[in-house]
Amino acid sequence: MSDATPFPAPAAPEISAAERDELRRHGILLTSLEELYNWGRSNSVWPLQFGLACCAIEMIAASMARFDIARFGSEVFRPSPRQADLLIVSGTVTKKMAPQVVRLWNQMPEPKYCIAMGACAISGGPFKQGYNVLKGIDRFIPVDVYIPGCPPRPEALLHGLMQLQEQIRAQKISGPEAPRHLRPEASGEFPVPEFGGSDLVPPRNPAVWQPPTIVRTE
Amino acid sequence: METPEQIRERILARFPGAEVNVVTNPGPAAQHSLLLGAAHAVAIAVFLRDDPVLRLDTCSNVTGVDWLDREIVETVRKPLPTEPGSDPAAPARILEEKIKRLVPGHLEVVYHLYSVALKQGPVILRLRTFDRGANVTLPSLTPVWRACEFQEREVFDLYGVKFTGHPDLRRILMWDEFQHHPMRKDYVEPDDYEWEPTPHDAVLDKARRHYPATPAAPQEGAAP
């Protein structure tokens with residue numbers, strides 16, 4: 001155990017989920033600090049109260065009684081990025097709005113997660129060939145879960161949230177595979193693009209996103 | 001509701017020197033419009049708003065149109081002089097000459113006016129700039145109809161028409177540092193291409209430029 005890790009805990013034993021269930025059956029609820037830590041965090045993911053377009057309407061519907069996001073511990077939509085764990089980019093990110101979204105992301109404290117909700121937030125969607133819409137928020141901030149749809153149903157958002165919970169539960173609390181917020185050298189701040197004469201400057205953050213290399217055969 | 005021709009007659013009776021033309025719409029909508037000269041546009045707009053028969057108190061829509069420079073080819077036929085010693089009964093020789101003429105383009109702003117008080121409309125006004133380059137100034141109708149304010153800002157943003165008399169002429173959709181007018185037909189968007197599953201037309205051309213083709217792998221069983 002090195003001193004760099006903030007949690008002086010032994011690494012979780014390599015036991016399978018079936019073995020864990022077997023231990024629970026014998027009255028042992030928690031087998032590692034990692035499990036306790038991830039269990040607590042994954043069941044209280046507080047989203048930022050922030051919407052961009054029609055996907056935000058579905059997000060609001062997911063938080064209402066019919067779909068009830070409170071079942072997953074995410075009903076506490078925080079009005080301030082300082083109190084939020086999850087940025088749901090719900091809708092079209094125009095190039096004029098993109099610096100503000102990155103700024104909100106930078107203002108969120110670690111550990112923080114990002115869900116790109118809907119076709120526009122993933123790739124620009126129907127506006128991909130246009131001049132004023134960002135072709136995916138993953139050009140500037142790291143995205144943990146992508147939810148396709150135009151807009152996705154509230155069930156899809158809940159499914160994306162469950163996927164995020166799975167990811168959080170699988171995180172290590174020490175070692176080189178630890179998430180960003182447990183590695184002191186990794187920064188949670190990302191450069192905010194500037195407004196240029198014809199596009200954002202830079203148009204993408206190369207540390208976060210690279211255009212795919214395509215081999216085209218005629 | 002008066003026809004555009006009747007409105008034009010009354011405008012000309014009120015403003016004798018004004019430049020007013022009726023632009024007919026040959027489509028099934030048949031929404032004919034009035035093309036106003038820039039010099040009298042604000043005075044005519046006040047007249048249309050306050051006239052007791054029309055009372056066009058609402059401007060519901062302002063939009064822009066970009067007309068590019070057009071090249072017109074005209075064919076001119078000239079008879080050639082008959083050469084001496086030729087057969088006088090032969091048909092006269094005619095030289096056809098093609099002359100190319102450049103019609104300069106312009107920007108156009110279209111206003112749709114309604115009367116809420118008299119439940120009638122629309123009356124459509126058009127204003128044209130002199131060209132698409134340096135002379136793109138038009139009088140603003142925001143002092144007449146306050147509803148024009150944001151829409152004239154949008155026309156300024158996307159087409160580059162400069163409205164004189166507008167209280168707050170700034171870009172409204174694009175950021176202030178943006179230098180182009182995206183709805184103009186000769187606008188070229190930033191060259192930022194990403195993979196498309198089924199590129200076609202202009203997108204296919206972009207894909208060819210961004211991802212050069214590699215020779216296809218030899219097919220199984222293909223003839224050498």
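All of the numbers you see were taken from the coordinates with simple rules; none came from a lab. Computed from a predicted structure; not experimentally measured. Counting neighbours? That spans all protein chains shown, and the Cβs are built from the backbone with ideal geometry, glycine included.
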> So what's the gap between the Cα centers of segment A:25-76 and segment B:91-128, to the nearest angstrom?
Replying inline: 60
> Within 10 Å of each Cβ of B:186-195, how many other protein chain Cβ atoms are there on average?
Replying inline: 5
> Does anything in segment B:3-36 have its amide N under 11 Å from the 7 Å Cα→Cβ label point of B:R126, and if so which residues?
Replying inline: B:21-26, B:32-36
> Taking chain B as a Gaussian network, Cα atoms linked when under 10 Å apart, which of B:R49, B:R209, B:R128 shows the biggest mean-square fluctuation?
Replying inline: B:R209
> Where q = 0.15 Å⁻¹, what log10 of I(q)/I(0) comes from the Debye formula for chain A, counting one point per Cα?
Replying inline: -1.03
> Mind listing the Cα extents of segment B:1-120 along all three principal axes, in Å, largest one first?
Replying inline: 80, 32, 29
> How many lysine pairs are close in segment B:4-210, with Cα atoms under 20 Å apart and the two 8 or more places apart or on different chains?
Replying inline: 4
> With springs only between Cα atoms under 10 Å, which of A:L161, A:L86, A:L104 fluctuates most in a Gaussian network model of chain A?
Replying inline: A:L104
> Using 0.36 nm per residue, how much length does the chain from A:Q167 to A:A70 gain when fully extended, once their Cα-Cα distance is taken away?
Replying inline: 33.0 nm
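I need the calculated FRET efficiency for the pair A:R103 and A:R25, taking r as the beta carbon distance and R₀ as 51 Å, to the nearest 0.05.
So the FRET efficiency works out to roughly 0.55.
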> Which order do A:L23, A:L48, B:L95 fall in if you start with the one that has the fewest other Cβ atoms within 10 Å?
Replying inline: B:L95, A:L23, A:L48
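If you take the beta carbon distance between B:S86 and B:V23 as r and set R0 to 51 Å, what does 1/(1 + (r/R0)^6) give as a FRET efficiency, to the nearest 0.05?
Here the calculated transfer efficiency is 0.50.
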> Between A:R180 and A:S80, what FRET efficiency follows from the Cβ-Cβ distance if R0 is 22 Å, with the result rounded to 0.05?
Replying inline: 0.55
>> Per-residue Cβ counts within 10 Å, from other chains only, averaged over A:194-200: what number is that?
In response: 5
>> Using alpha carbons only, how many angstrom separate the centre of segment A:160-215 from the centre of segment B:1-52?
In response: 59
> So what's the gap between the Cα centers of segment A:133-156 and segment B:160-178, to the nearest angstrom?
Replying inline: 32
>> If you split all Cα-Cα distances of the protein assembly as shown into 10 Å bins from zero, what percentages do you get per bin, shortest first?
In response: 4, 14, 17, 17, 16, 13, 8, 5, 3, 1, 1, 0, 0
> Across peptide B:172-178, how many C-beta atoms of other chains are within 10 Å of each residue C-beta, on average?
Replying inline: 5
>> Report D for segment B:13-61 in µm² per second (integer): Stokes-Einstein, Kirkwood Rh on Cα pairs, 10 °C, 1.306 mPa s.
In response: 130
> Can you sort A:C54, A:C120, A:C150 so the residue with the fewest Cβ neighbours within 10 Å comes first?
Replying inline: A:C150, A:C54, A:C120
> If the label point is 7 Å along Cα→Cβ of A:E194, which residues in segment A:91-116 have backbone nitrogen under 15 Å from it?
Replying inline: A:99
> What is the list of residues in segment A:136-166 whose amide nitrogen lies under 13 Å from a point 7 angstrom out from the Cα of B:D192, following Cα to Cβ?
Replying inline: A:136-141
> Taking chain B as a Gaussian network, where each spring joins two C-alpha atoms under 10 Å apart, which residue of B:A43, B:A92, B:A134 fluctuates the most?
Replying inline: B:A92
> How far apart, in nm, are the 7 Å Cα→Cβ label points at B:K100 and A:A17?
Replying inline: 7.1
